[in-house]
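The values are calculated or read from the model by the stated rules, or taken from the named source; none is laboratory data. In this text, all values refer to a predicted model and were calculated from it rather than measured experimentally. Don't worry about glycine lacking a Cβ; one is built from the backbone with ideal geometry, like all the others, and counts go over all protein chains shown. In case anyone asks, the SASA skips ligands and DNA or RNA and just uses the protein heavy atoms, side chains included. Shrake-Rupley method; radii C 1.70, N 1.55, O 1.52, S 1.80 Å.
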Amino acid sequence: MQRVSLFGYGKTTKAIAKVAKDAVFYDDKCTKPFRDENGFMVKPSSEFNAKYSQLEIPSPGIPPSNQLILQAKNLISEYDYFADATPLKIWISGTNGKTTTTQMMQHLLESKGSQAGGNIGTPLAELNPDAKMWILETSSFTMHYTNVAAPNIYVLLPLSPDHLSWHGSMQEYVDAKLKPLTSMCEGEVAIIPDVYKDVKTDAHLVTYKDEKDLAEYFGIEIDKVKFKGAFLADAILAMAVDKILFDKVDYEKINSFVLDPHRQEELLDAKNRLWVNDTKATNLDATIAALKRYKDSFIHLILGGDDKGVELDELFEHLQNIDVKIYNIGSNKDKLSKFATEYSIDFELCLNLADAISKIDKNLNKNEVALLSPAAASLDEFTSYAQRGDEFKEAVRNIS
């Protein structure tokens with residue numbers, strides 16, 4: 001039996017342990033060895049010795065610079081561990097929208113025997129190996145460590161700067177996202193943005209510039225799809241895979257899909273004014289997508305949080321071309337205010353989210369939009385983007 005080392009004591013590795021049996025966990029947060037409730041040994045990372053390990057599987061979020069990764073001699077990803085599983089495999093990746101695209105695709109294909117998992121919440125070890133299809137939301141972290149497994153269908157949404165501190169550069173991030181194409185075979189299909197059309201692959205490439213391109217290629221009538229903005233592209237991509245596999249376009253089914261909260265979630269306050277909870281917009285591209293959706297209105301935009309060190313010029317260049325006032329919060333609020341000054345954009349420096357909402361409440365007219373779309377992660381001030389969104393919604397509900 002292989003001696004398996006699991007790096008990180010999290011959801012993915014805990015699921016693998018139930019399959020790998022005698023695996024041992026090594027975790028940076030562990031200070032002394034213990035056995036968990038399932039009898040598995042958990043040890044401090046410092047106790048890992050590559051000489052006594054025949055296979056190492058990391059939690060996807062552990063960066064390449066971690067000492068466990070640097071010491072490993074037989075490192076594979078979760079996807080590689082299940083590379084021989086028989087279901088047809090559909091991978092979905094990109095910077096924004098991959099969760100919604102995965103959910104929409106599962107909604108369309110569940111009756112055909114699909115199961116959804118990966119980054120979306122269900123580890124591969126907990127998926128049914130006898131399912132007809134695995135629809136997997138796939139992160140750049142996972143693909144960085146994956147060298148054997150490959151999808152039968154790969155759907156890539158547009159890319160913008162994200163996780164650069166983890167990958168080291170934008171090029172490394174893009175390379176991770178394109179990596180599956182190098183292992184795909186003739187007869188398999190990849191749907192990718194047109195900017196990457198010259199990538200080398202044996203798969204059949206379908207490239208697109210926007211959702212109109214996709215709809216035209218797959219014979220989908222956009223005006224029959226109820227979703228707008230960023231969600232329209234998500235829906236078209238999900239429908240494209242349904243068309244590839246079953247040669248059908250099901251408008252009624254896709255239009256019955258219900259979106260998750262926290263992405264362009266609209267609510268009205270007691271004064272019948274529009275507020276939008278887009279807290280899941282944790283990077284520039286997601287925020288720009290939200291701004292495009294509401295571009296015909298004056299926008300009161302709440303920005304800020306942990307921006308992970310990305311360059312902000314693209315966002316502020318976009319802000320110059322719309323009617324907007326920004327309300328800066330979070331750990332990068334001074335940085336945002338400096339950019340706003342440089343780009344001559346009206347702004348207010350706020351103490352926190354509650355202060356920003358209070359200020360907007362005094363300024364917001366009925367034909368305008370109040371938009372929480374931070375272009376930054378939440379962990380500087382909140383436990384999650386969801387908590388940030390929930391606090392936003394609660395504050396709006398309390399406006400009188």
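Points to keep in mind about this one:
- Qualifying residue in the range 69-85 (condition: in a loop (DSSP other than H, G, I, E, B), open to solvent by 20 Å² or more (accessible area, probe 1.4 Å), out of contact with any helix residue (DSSP H, G or I) (no Cβ under 9 Å at 6 or more places or on another chain) and under 20 Å from residue 142 (Cα atoms)): yes
- Qualifying residue in the range 326-336 (condition: more than 21 Å from residue 294 (Cβ to Cβ), touching a residue at least 40 places away in the same chain (Cβ under 8 Å) and of a type in the set (A, V, I, L, M)): no
- In the range 232-257, of all residues being aromatic (Phe, Trp, Tyr) and touching a residue at least 40 places away in the same chain (Cβ under 8 Å), the one that is farthest from residue 206 (Cα to Cα) corresponds to 257.
- Within the range 284-310, tally of residues that are within 19 Å of the chain's Cα centre (by Cα), among the charged types (D, E, K, R) and not in a strand (DSSP E or B): 3
- Failed criterion for residue 75 (all others in (1) over 30 Å from residue 286 (Cα atoms); (2) among the hydrophobic types (A, V, I, L, M, F, W, C); (3) in contact with a Ser or Thr (Cβ under 7 Å, 6 or more places away or on another chain) hold): (3)
- Residue tally, condition open to solvent by less than 40 Å² (accessible area, probe 1.4 Å), without any contact (Cβ under 8 Å) to a residue 60 or more places away in the chain and over 22 Å from residue 218 (Cα atoms), over the range 177-205: 1
- Options 366, 362: the member that is assigned to a helix (DSSP H, G or I), open to solvent by 80 Å² or more (accessible area, probe 1.4 Å) and farther than 24 Å from residue 260 by Cα: 362
- One residue stands out in the range 260-283 among those that are assigned to a loop (DSSP other than H, G, I, E, B), open to solvent by 30 Å² or more (accessible area, probe 1.4 Å) and not small (Gly, Ala, Ser): the one that is nearest to residue 229 (Cα to Cα), namely 263.
- Counted residues, the range 86-113 - those being over 21 Å from residue 178 (Cα atoms), open to solvent by 10 Å² or more (accessible area, probe 1.4 Å) and in contact with a strand residue (DSSP E or B) (Cβ under 6 Å, 6 or more places away or on another chain): 1
- Just so you know, in the range 91-109 the residues that are of a type in the set (Gly, Ala, Ser) and not in a strand (DSSP E or B) include one that is farthest from residue 208 (Cα to Cα), and it is 97.
- Single residue of 315, 245 found to be under 24 Å from the mean Cα position of the chain (by Cα) and either at negative phi or of a type in the set (Phe, Trp, Tyr) (or both): 315
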